[in-house]
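Remarks on the structure that follows.
The values are calculated or read from the model by the stated rules, or taken from the named source; none is laboratory data. Treat the numbers as computed from the prediction; the structure is a model and nothing was measured. Cβ coordinates were reconstructed from backbone atoms using ideal geometry, including for glycine residues, and neighbour counts include every protein chain displayed. The protein model used for the area step is the full one, side chains on, heavy atoms only, and it has no ligands, DNA or RNA in it. Shrake-Rupley method; radii C 1.70, N 1.55, O 1.52, S 1.80 Å.
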Amino acid sequence: MSQFCCDAPSGMSRRHFMRHLAGASAFLGSSFALTQTLRAHAKALSKDHKSAILLWLGGGPPSIDMWDMKPGAPTAGDYKPISTTGDFQICELMPNLAKQGKHLSIVRSMSTHEADHQRGRYYMHTGYVPSASVQHPSYGAVVAHEMDAAKQLTQLEIPPFVSIGGPSEGPGFLGMTYAPFQVDANGKVKDVEMTIPGGRMADRMKLLGLLERRFIEERRGSAAEEHAKVLQKTQDLLTSEQMKAFQVRSEPKDMLDQYGDNNFGRGCLMARRLVEVGVPFVEVNSGGWDLHKGCFTSLKTKLPELDKAFAALIEDLKQRGLLESTVVLCMGEFGRTPRVNGDAGRDHFARAWSVVLGGAGLQGGRAIGKTSADGTGVETDPYSSEDLMASVCQALGISLKTVFTAKNGRPMKIAGGGHVIQDLFA
């Protein structure tokens with residue numbers, strides 16, 4: 001920050017400065033704490049770079065009406081199954097995904113214990129049950145951290161963990177460097193619009209730089225020095241060519257139409273753009289899956305939207321040669337009850353449900369695990385969040401021997417010590 005120079009105002013106290021610093025920090029946002037601030041613009045990525053995209057269906061999607069249908073059973077819903085290019089059937093409202101079945105596998109024997117929204121969300125994002133003493137890092141933070149440690153982010157100038165259309169779980173004990181950088185489905189970054197003329201902003205930045213240098217030199221603590229780093233990284237971020245990856249509206253109309261010109265469709269398209277520039281983890285949020293009422297009426301709208309965007313993402317990644325290095329995972333916090341309630345809805349159900357994933361060397365076209373004829377229980381080996389996360393880590397080349405140390409000194413195994421789902425690789 002030594003390039004800044006201007007006259008210091010008289011009478012500036014430490015309290016006044018810290019108040020100003022807090023306000024500036026709120027403007028910048030903790031999500032701007034990046035691991036890389038390189039100024040060189042990368043034109044291409046190494047082919048061994050890997051990424052993951054999580055399609056998060058918040059609320060708990062009814063997998064019994066989507067991925068593991070029970071035609072003829074008393075628990076069956078309103079829709080029929082259709083065949084796919086894989087060795088399984090899915091709901092008739094997802095014909096585009098049916099064509100991509102050979103690239104995807106369904107894990108039908110998920111069996112977990114967290115049927116509360118917040119607890120289930122935390123567990124499925126981290127591989128750990130919530131704890132009062134430890135904040136565990138989410139999938140995105142773990143992947144970003146490990147890709148950083150493997151020096152796969154040397155060309156990346158934008159955040160390594162991006163959450164589109166809603167918040168994700170945080171970085172836990174890995175620190176704010178790996179926090180999710182949240183944008184909306186149009187690529188709008190919260191709290192970074194310039195509301196004053198550029199000249200005035202430049203003057204303010206010079207003044208802030210002088211104040212920070214003064215307090216750094218007086219050795220009054222680390223706050224000013226850390227803030228100076230965040231400020232510089234933010235400036236680098238906002239001037240990076242890679243920020244164009246967020247400009248999803250710059251895509252041709254036919255590409256927007258292919259994904260669906262809605263929040264989820266644009267989010268999936270943005271995820272592809274971010275993976276292309278080297279972001280290792282992107283989460284795309286789709287809400288409204290807490291279908292206690294009118295489940296089948298809601299699915300008539302929600303499933304075609306999911307079908308179009310998800311299928312377009314798989315096809316687009318494949319056409320660009322990115323599917324072989326990108327895991328795509330679709331899930332929510334749990335499934336929904338086989339029994340249909342009195343409001344034509346399904347309630348929370350974690351005992352037997354499904355997730356879908358593919359890419360990055362995972363075997364496609366398979367249905368892994370089996371539930372009972374009415375969907376009320378798992379009949380084969382059950383799989384947990386830990387097992388799912390371990391499988392994603394293996395596909396990304398992340399060592400399952402990795403052990404983190406939490407802030408309380410406790411060792412934490414990556415993926416909660418889960419076991420790889422072997423049928424995804426055999």
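Numbers below:
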read-out: The range 289-426, accessible surface, carbon-and-sulfur percent (1.4 angstrom probe); value: 47 percent
read-out: Sequence of Val107, Val378 from largest to smallest accessible area, 1.4 Å probe; value: Val378, Val107
read-out: Cut-off under 5 Å, modelled amide H: who pairs with Glu379 long-range; value: Lys370, Thr371, Ser372
read-out: Gain upon complete extension [Asp261, His113; 0.36 nm per residue less C-alpha separation]; value: 49.6 nm
read-out: If the convex hull is drawn through the Cα atoms of the range 238-370, its volume per residue in Å³; value: 130 Å³
read-out: Spin-label model distance (nm) - Lys188 vs Lys300, 7 Å beyond Cα toward Cβ; value: 3.1 nm
read-out: Extension gain, Lys413 back to Lys80 (0.36 nm per residue minus Cα-Cα distance, nm); value: 115.7 nm
read-out: For the range 306-426: Kirkwood Rh in Å [reciprocal of mean 1/r, alpha carbons]; value: 16.5 Å
read-out: In range of the label at Val403: residues from the range 101-133 whose backbone nitrogen is under 11 Å from the point 7 Å along Cα→Cβ; value: none
read-out: Shape category assigned to the range 252-310 from the gyration tensor of Cα positions, a/c cut at 1.5; value: oblate
read-out: Net length gained if the chain between Thr380 and Arg249 were fully extended (0.36 nm per residue, minus Cα distance); value: 42.6 nm
read-out: Tyr178 - accessible surface, heavy atoms, 1.4 Å probe, Å² rounded to 10; value: 20 Å²
read-out: Computed E for Phe425/Lys293 - FRET, C-beta separation, R0 41 angstrom, nearest 0.05; value: 0.55
read-out: Cβ-derived FRET efficiency at R0 51 Å, Lys318 paired with Arg200, nearest 0.05; value: 0.60
read-out: GluC sites (Glu not before Pro) lying in DSSP loop within the range 82-170, provided at most 14 other Cβ fall within 10 Å; value: Glu92
read-out: Spin-label pair Thr239/Thr154, simplified geometry with 7 Å Cα→Cβ offset, distance in nm; value: 2.4 nm
